[in-house]
Amino acid sequence: MSVPVPVLHVIYRWCAAEAGDWEQWRGYAIADDAAVEADTLSGARERMSELLRRRVEPWPWEAVVEHVERPLGPGLWIREALDEHSDERDHASRVVLEAFGDRRARDQLAALPETSPGGVVVVANVPGDTLAWCLDQHDERGALVVAAAVSNHRLWWNALVPEVRSAATGLPVASELSDPSLGGAATLDDWIAASECGRLVTSPAAGTASGGRPALLPAAA
């Protein structure tokens with residue numbers, strides 16, 4: 001049986017410029033200090049590709065997934081993968097926006113531990129996404145909210161946090177990813193069937209479900 005190739009998740013976050021109204025994009029890779037900035041998304045993608053060419057061994061890595069992040073509210077970001085499921089992810093994003101349209105709900109999530117680049121991230125998932133694919137997007141520090149639309153107006157979600165940072169979150173339910181049926185190859189459909197909506201989940205170290213991360217070379221001095 002072949003071993004799945006670890007996925008390298010690269011994120012492009014839209015940020016308001018500190019001065020003026022032009023676009024500003026910040027690119028970063030999960031669990032690595034590779035970062036770029038540009039005025040456009042295409043510019044950020046070009047700069048990140050050039051940076052990773054010098055950092056990732058071997059390059060080009062055969063499993064790179066790019067994502068876009070946009071503000072969901074103060075301290076919150078919504079993430080969409082740039083892949084063949086764009087229509088489904090766009091639908092999931094719309095349901096996320098509706099579900100967290102209540103400021104009190106957003107405030108509850110924003111109070112969770114921050115990720116390395118800042119804020120709490122809500123991922124717009126589709127049912128075919130695997131558990132390994134979700135876990136590999138967790139930076140092992142903050143909260144990653146895995147969300148999927150189960151209808152046009154209903155959202156299933158769970159907030160992944162490291163066990164050491166799960167205390168004092170204010171969410172009513174805490175659990176672990178301990179169900180033996182939920183291995184790395186399990187899909188969101190499997191997880192939805194096995195879990196209630198709206199849990200706080202303590203997660204294993206990111207990358208353990210899919211065999212680790214690609215090798216990144218030390219940054220040049």
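So for the stretch 91-167: antiparallel DSSP bridges make up what percent, rounded to the nearest 5?
Working: 6 of 11 bridges.
Once the DSSP bridges in the stretch 91-167 are tallied, antiparallel ones form about 55 percent.
Please compute the modelled spin-label separation between residue 189 and residue 83, points set 7 Å along Cα→Cβ, answer in nm with one decimal.
So the two model labels end up 1.5 nm from each other.
Using a simple charge model, +1 on the beta-carbon of Lys and Arg, -1 on the beta-carbon of Asp and Glu, nothing else, what dipole does the stretch 29-124 show about its Cα centre, in debye to the nearest 20?
300
In what sequence, highest mean first, do 9-16, 52-59 appear when ranked by Cβ atoms within 10 angstrom?
Top to bottom by mean Cβ count within 10 Å: 9-16, 52-59.
About the Cα centre of the stretch 95-161, what is the dipole size in debye to 20, counting +1 per Lys and Arg Cβ and -1 per Asp and Glu Cβ, all else neutral?
240
With label points built 7 Å along Cα→Cβ from the Cα atoms of residue 196 and residue 153, find their separation and express it in nm.
The two pseudo-label positions are separated by 2.4 nm.
FYI, it's all coordinate maths here, none of it is from the lab. As the structure is a prediction and not an experimental result, all values here were calculated from the model. Counting neighbours? That spans all protein chains shown, and the Cβs are built from the backbone with ideal geometry, glycine included.
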